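Let me begin by presenting the structure, written as structure tokens, before commenting on it.
Read-outs throughout are calculated quantities, based only on the coordinates presented, and are distinct from any laboratory measurement. It should be emphasised that the depicted structure is a prediction, and the values quoted were computed from it without experimental measurement. Virtual Cβ from ideal backbone geometry, glycine too; neighbours counted across all protein chains shown.
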Amino acid sequence: MPVVDTDVLIVGAGPVGLTAAAELRRHGAHCRIVDRLPARLPYAKAVGIQPRTLEIWDRMGMVREALDAAVPMRGQLLYSDGADQGRIDFRLPPEVPYGFAALPQYETERVIEEHLARFGTGIERGTELVSFKQDTDGVLSRIVTVDGGEEEVRSRFLVGCDGAHSIVRKTLGLSFEGGAFPEEYMLADVEVDWSLPPGYGVRVMHHGDDGAVDDLLVCIPLPGRGRYRMSMMVPPELSAARKPAGGQGTGDGVAHGLETGRRSPGIEHIQAVLDRLSPEPTTASAMRWSSVFRISHRLVDKYADGRVFIAGDAAHIHPPTGAQGMNTGIQDACNLAWKLALTVRGAAHPRLLDSYDAERRPIGEEVVGRTVRHASEGVQADPDDFTTVMLREAQLLVAYPDSPIVGRGTPGLEGPGPGDRAPDCGGLTGGISAVPLRLYDLLRDRGHVLLLHADSPDGLGLCGEVASGIRHLTDGQTTALVLLAPDAGTHPATGTTADSTGNGSGDAAAGAGGPAQVVDYATDADGRHLPAFLDSRGEFARAYRTTGPAAFLVRPDGYLGARVAPLAVPGAVAALSEELARVFRL
């Protein structure tokens, strides 16, 4: 068998490629990540960060750095034909841990790159993929390095995160069907001195006599005083139907993204639009960059071919409405990376990687269709209620109920089922932590996690048996956590008793007259330590709609792989084993 230089070669070091690399390294796989650009681009292209992306970054262990760099997106101010149309506040249910945020793409890349560096992996800049061939054992890629030299890289897998003009997609010969919008737009990163409330996007439209929008201004807040990324229609002098010089709309018929040619708007072009459309008089200044851009909508026919995969803009492009593109790509990368890592370790079911296309391509298709509709009709044309629209825009409704690797849901059973996002909850108390924890605190930086809910001493014993069985089946590749109902009674494993406040009435605490002791831990059937937490406020039971013994398998990307409820003897381990066999090589 040929020598393998790395487990996975990743082409493209934007947010999608960086996420794939960071998740591969977090799960123990080796990778190389190459990018043809000599340095990170200083453009605020994708700026919207969805709550679901922040949840993913939380699981990865890097959300704090992102929150420090970002600013809140609190809502949007709407104006039409000179009239104030009101304000939309981006409200989500209180159990959702993060709101909407804005962060320039180069800052997003910096945060993920610094996180990746903690694993000893850096970007190979100025390095370009030229060609590749795959066989049954791996992929042989030819790359040109920053000094002009050529190198052959042998990897088990290749992942193309190389954008709308992906050489990986083209080499595979995949179709990229869709169309393009005729309008051209210009983008600019500027500061303004208006008095509009911070944290709100601004959308201003003007309609012509025929009722169509003939002038547009969209402003997204960025970190910094009065700073926005603004988009607007291109004026006639920049709309050159003349062929762009060196722009992304050349070479392959895909006109999408920023143009790097000679048509960059000046501050005077931005000011002219503000003079026409700004809700109040204002002056633009401190322009950091500007560009003309075009929008296409396309979707690849499949996300994988053999040992080669594509993700992000290489697989789907669409209007920027709702800031769905980069966030969808990050979810692509997260979905794929843990599956590749498990496969590299030899622990995956032989068909596990097939689930990447099965799960993610329908999501890409839905996002492309929805953003095209919203671009032409507006988000307000969505027939669903406002809360549902917000949850969908936040990407919190992404689910995989029809995936070949998740269990089948139980008809009539309420609460999250296999393929659904694992919701967060609070009020989890343990003996060491002096403050209640959130479920996402317990899931952070872990792989597969088996959540075992117990509502009685017998249920706790059952959880211990199941934890041992699953640990043996997966060779220790799942972490088991026990969540105890407030009225679970005396816990033989700890010698404490839980009450409705989440405290235990252990003898030592009761005798001393001090605060009652909380549950510290349990043990599994082999006598091994098993972390246990009290669902002191009943939030877990409410979020997961369970009243008795139950088991929930949470995947590394935060979706439920299986739900077994009620959990009972005999058959509990067998039931979970059937679901685990879809993912693991048991």
Does the stretch 63-105 come out rounded, prolate or oblate, given a ≥ b ≥ c as the square roots of the eigenvalues of its C-alpha gyration tensor, rounded meaning a/c under 1.5 and, failing that, prolate meaning a/b above b/c?
-> oblate
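Please find the FRET efficiency linking Glu151 to Asp487, where r is the Cβ-Cβ separation and R0 is fixed at 60 Å, and quote it to the nearest 0.05.
So the FRET efficiency works out to roughly 0.40.
Give the peptides 121-132, 356-367 in descending order of average Cβ contacts within 10 Å, highest first.
Answer by packing, highest mean first, reads 356-367, 121-132.
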What helices in the chain pass both tests, a Cα length along the helix axis of 20 Å or more and a mean Kyte hydropathy of -0.5 or higher, using whole DSSP H runs?
-> 325-344, 457-473
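Rounded, prolate or oblate, given the Cα gyration tensor of the stretch 34-126, with a/c below 1.5 counting as rounded?
Cα axes put the stretch 34-126 in the oblate bin.
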For the stretch 133-161 and the stretch 423-474, what is the separation of their Cα centres, given in Å?
-> 42 Å
Out of [x] 1.04; [y] 1.00; [z] 1.39, which label holds the value of Cα Rg over 2.2 N^0.38 Å that was computed here?
-> [x]
How much FRET efficiency would the formula 1/(1 + (r/R0)^6) give for Arg64 and Asp209, where r is the Cβ-Cβ distance and R0 is 60 Å, rounded to 0.05?
-> 0.70
Rounded to the nearest 500 deg cm²/dmol, what is the calculated helix-only ellipticity per residue at 222 nm for the chain, with -39500 (n - 2.57) per DSSP H run of length n ≥ 4?
-> -8000 deg cm²/dmol
If the label point is 7 Å along Cα→Cβ of Glu365, which residues in the stretch 301-336 have backbone nitrogen under 13 Å from it?
-> 301-303
FRET efficiency for Ala568 and Arg408, Cβ-Cβ distance as r, R0 = 25 Å, nearest 0.05?
-> 0.90
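Ranked from highest to lowest mean number of other Cβ atoms within 10 Å per residue, what is the order of the peptides 91-98, 576-583, 397-404?
Final packing ranking: 576-583, 397-404, 91-98.
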Full-extension gain in nm, Arg288 to His529, via 0.36 nm per residue minus C-alpha separation = 81.3 nm
Given H placed on each backbone N at 1.01 Å, which residues far from Phe132 in sequence or on other chains put an amide H within less than 5 Å of it?
-> Arg142
Extension gain Leu397-Asp475, at 0.36 nm per residue separation less the Cα-Cα distance, in nm?
-> 24.9 nm
For the chain, the count of lysine pairs 8 or more apart or interchain whose alpha-carbon atoms are under 27 Å apart comes to 10
Segment Phe119-Ser239, extension gain: residue separation times 0.36 nm, minus the distance between their alpha carbons | 38.6 nm
With a ≥ b ≥ c from the Cα gyration tensor eigenvalues, square-rooted, and the rule rounded for a/c under 1.5, otherwise prolate when a/b > b/c and oblate otherwise, the stretch 359-468 is prolate
If we sort 152-161, 423-432 on the protection proxy, mean other Cβ atoms within 10 Å, highest first, what's the order?
-> 152-161, 423-432
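For Cα pairs less than 8 Å apart in space and 6+ apart in sequence, what is the mean separation divided by the residue count of the chain, i.e. the relative contact order in percent?
Details: 1310 pairs, mean separation 80.8, N = 586.
It comes to 14 percent, rounded to a whole number.
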Between Arg276 and Lys133, the two model label points (7 Å from Cα along the beta-carbon direction) sit apart by a distance in nm of 5.6 nm
